[in-house]
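Structure record follows, encoded as structure tokens.
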Amino acid sequence: MACMGFAWLVSGAPAIAQPPDNPGGKGMLPVASDPPTLMEQQRRRQLLLLRYVRALGDRIRGNWIRPDGVDADAVCRVKVRQIPGGAVISLQVMPDCPYDAAGRRSLEVAVLRSQPLPYEGFETVFSDKLILDFRAE
């Protein structure tokens, strides 16, 4: 459904803090209350973004009734604008979409039926402009 490139970030070692009863610093252990490192924050954001894209794909695919004439290898790009909460305010099937009129309309209907698009829990990675690549499976 949605094809996007992602850079995977691998988090470094956990932050180390000195326990209060060990002034010499020997036997230092990770402390759960330490704030996440920048790399850990980026990794978490990337994972949440992947979950968001998957949730979008699952929601729209679940509402897509693919016409018989849509070639399984053909990819059709759709631009979607949404507002916080997941309401679609516009969508456009791109002119280079190889689907016929019925296939194009089926994608439009699928996106509109999928409203509200996933939002809750994804607020930090929400995007008001989406470009979705659909491939019949």
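A compact table of results
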{"item": "Using θ = phi - 60° and Karplus 6.51 cos²θ - 1.76 cosθ + 1.60, couplings along the range 58-67 (whole Hz; Gly, Pro as x)", "result": "4, 5, 6, 4, x, 10, 8, 9, 6, x"}
{"item": "Cut-off under 5 Å, modelled amide H: who pairs with SER114 long-range", "result": "none"}
{"item": "Sequence-distant residues sharing a close amide H with PHE134 (under 5 Å, placed H)", "result": "CYS76, ARG77, VAL78"}
{"item": "Cα gyration tensor, the range 16-135 - rounded (a/c under 1.5), prolate or oblate", "result": "prolate"}
{"item": "Rounded to whole Hz, the Karplus (6.51, -1.76, 1.60) HN-Hα couplings of the range 125-137, x for glycine and proline", "result": "10, 4, 10, 7, 10, 10, 10, 10, 9, 9, 10, 5, 10"}
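We did not get these values from a lab; they are worked out from the coordinates using the rules stated. Just so you know, these numbers come straight off a predicted model, no measurement behind them.
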